[in-house]
Amino acid sequence: MGTFLLLTANLFAVGGELAAATGEGGFSLNTNILDTNLINLAIIITVLIVFGRKVVGSTLKSRRENIESAIKSAEQKVAETAAKLKEAQQKLEQAQAEAQRIKQTAESNAQSAKDAILAQSVVDIQRMQEAGAADLNSDLERAIAQLRQKVVVQALQKVEGELNGGISDDAQQVLIDRSIAQLGGEI
């Protein structure tokens, strides 16, 4: 393209020189072929067309190949990006499913732990109640035993007091008869 402009500029320069040499002002047509360099111009234009076509063609072909490779590269990147996006979405779905599974497992474990704690607390309360009842029963039995001891001690003191004071014969006979009756004998 630059060569064509250079040739055009040379053509106008040659035309300007010819006009100045003739001394006439303006534009006129010179019919002398050798003087006007028409042959030279025809040769240069022919060379430009023959060899320039190859250069321009190879440049355009190179440009076309670059564009095609850029398009293919872009398409490849789009395909790779789409594949990576699809893979990332699958990983996201897997992660969400795993999170849901972990959440359900945690809820299940929490419910199991809650049930176990409630069951253990029921057992502990029942054991405490039984221990309290056993302590109460043992305290009651101890109190009853102490009362019996006191009653026996008082009864023995009373009996000793009566024995020391003397028992009448009639009271002795009644006491002996009663003891024999309790043993199973008859009077």
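The values are calculated or read from the model by the stated rules, or taken from the named source; none is laboratory data. Small disclaimer: the values here were computed from a predicted structure and weren't measured. Ideal geometry is used to build each Cβ from the backbone, glycine not excepted, and the neighbour counts take in all protein chains shown.
Can you find even one residue in the range 58-68 that is more than 54 Å from the chain's Cα centre (by Cα), part of a helix (DSSP H, G or I), surrounded by 10 or more Cβ atoms within 10 Å (Cβ to Cβ) and modelled with pLDDT under 80? No, that holds for no residue. Residues in the range 156-187 that are at pLDDT 75 or above and among the hydroxyl-bearing types (Ser, Thr, Tyr): Ser179 alone. Within the range 146-179, the set of residues being part of a helix (DSSP H, G or I) and of a type in the set (Val, Ile, Thr) comprises Val151, Val152, Val153, Val159, Val174, Ile176.
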